[in-house]
């Protein structure tokens, strides 16, 4: 048993180091088995809802040491395992690795549930003696036989794609689509990739290891070409919000900011103007608030832009929903006399907007401009403490 994280690995010979790796993996599996059981129960009870979170993944991600996508998949598997008795028992007894159990959990859906209940013990006993990769192959084979009608048309409703900006400013893409959609996307991307390969080959360039790079370039190229116009295709140019002074955009000197994208040079902003619809956000020295008072209930387009820039997304503690998913919320409700001005508005995603109207949660803005949220019992909802 490894008792300390301060193991001097440099002093171990190869055999001892290999044994330590095996032991650490065994300990990780034991801990993972406990996490699946505990977190499955925690998520099923919706304990996260006490803090107004959208779901368990959002609650955990807000504490800073897990990615929402990764923990979301873990929680889905944990929920399913609560209804897989033979699998759960094998994990608890140390007879089945959690990684294999999660593969089994993902094989269960509305169309395979009856067959899985019949075959569960046989599957558990079989995959226990296989590697994880071999288990995945066997489970896919079982799935195809258990679901001979093919994919449900509703599978497309489960398609997801996330596009998020990393700390370094680069963008990360992650998605999961049904077989038909994936095949269409793969076919179109492959055409772009083949085109790029031919062009590079004609220039005598080395193509070794270029696959991922070419696919990334192809995806961007697809987006760019989709915005091109001709007589038959209406313009669909992207809208880019640039925060800048008029002098910067006119001369191309200095630094501007892309709303939601970070700092760019004024010259880059000028280039984007050739292929995008640019909406300038010019904030005057007196911090004009664009207040509409009681003359209008809905936030104006200008106010919404300023809310996007000021709040950066849903203002509810621990929520990371981007501005495009959010609605303008009156802190003091309109029906209670609240004005439509920036001091009385904040961005909330649909989930938290409902919580603040029908769920008993409410927001308050202090005299210093600080926004706080209160639970239905009037206790203050503090921002999540980010783990080290």
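The values are calculated or read from the model by the stated rules, or taken from the named source; none is laboratory data. Note that the structure is predicted; figures quoted are calculated from it, not measured. When we count neighbours, we look across all protein chains shown, and the Cβ atoms used for this are built from the backbone with ideal geometry, even at glycine.
Odds and ends about this structure:
- Filter pass, residue 53 being surrounded by 17 or more Cβ atoms within 10 Å (Cβ to Cβ) and either part of a loop (DSSP other than H, G, I, E, B) or modelled with pLDDT under 95 (or both): yes
- The strands (runs of 3 or more DSSP E) found entirely in the range 330-388 include none that carry 2 or more residues being surrounded by fewer than 17 Cβ atoms within 10 Å (Cβ to Cβ) and in contact with a helix residue (DSSP H, G or I) (Cβ under 8 Å, 6 or more places away or on another chain).
Condition check ((1) in contact (Cβ under 8 Å) with a residue 12 or more places away in the chain; (2) under 30 Å from the mean Cα position of the chain (by Cα); (3) more than 21 Å from residue 173 (Cα to Cα)) across all residues:
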{"residue": "186", "(1), (2), (3)": "no, yes, no"}
{"residue": "192", "(1), (2), (3)": "yes, yes, no"}
{"residue": "198", "(1), (2), (3)": "no, no, yes"}
{"residue": "204", "(1), (2), (3)": "no, no, yes"}
{"residue": "207", "(1), (2), (3)": "no, no, yes"}
{"residue": "211", "(1), (2), (3)": "yes, yes, no"}
{"residue": "217", "(1), (2), (3)": "yes, yes, no"}
{"residue": "225", "(1), (2), (3)": "no, yes, no"}
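- Residue that is outside any strand (DSSP E or B), surrounded by 13 or more Cβ atoms within 10 Å (Cβ to Cβ) and out of contact with any helix residue (DSSP H, G or I) (no Cβ under 9 Å at 6 or more places or on another chain), where the choices are 209, 204, 187, 182: 182
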